[in-house]
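The values are calculated or read from the model by the stated rules, or taken from the named source; none is laboratory data. As the structure is a prediction and not an experimental result, all values here were calculated from the model. Because the Cβ atoms are built from the backbone with ideal geometry, glycine has one as well, and the counts that use them run over all protein chains shown.
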Amino acid sequence: MGSLIETETFYSDWKKVDGEMVAFVKRLIKGKEIMRITLTNVKFNVGLNDSLFQMKRNPAPF
């Protein structure tokens, strides 16, 4: 297993999407920036099939 590291998370580039404010940029900092996640598009409730969220009976072992 990995080890835990303490980081700070900063959210920016807020935009309104379907009436909800969404941060399009998320930065993780540990002294310096270690990760940046930038969203280019956000859609809510796009009609995913419920079967995508059902547990499989015999999941494959890792």
Flagged in the stretch 20-62 as small (Gly, Ala, Ser) and under 13 Å from the mean Cα position of the chain (by Cα), in numbering order, are 23
Taking first residues from the stretch 10-24 that are at pLDDT below 95 and second residues anywhere that are in a loop (DSSP other than H, G, I, E, B) and surrounded by 11 or more Cβ atoms within 10 Å (Cβ to Cβ), the pairs with Cβ under 9 Å that are 6 or more apart or on different chains are 18/42
Within the stretch 24-62, the count of residues that are of a type in the set (S, T, N, Q) and within 30 Å of residue 6 (Cβ to Cβ) comes to 2
By my count, strands (runs of 3 or more DSSP E) wholly in the chain with at least 1 residues that are among the aromatic types (Phe, Trp, Tyr) are 8-17, 20-30
Residues of the stretch 25-54 being hydrophobic (A, V, I, L, M, F, W, C) and either surrounded by 10 or more Cβ atoms within 10 Å (Cβ to Cβ) or touching a residue at least 60 places away in the same chain (Cβ under 8 Å) (or both), in sequence order, are 25, 28, 29, 34, 35, 37, 39, 42
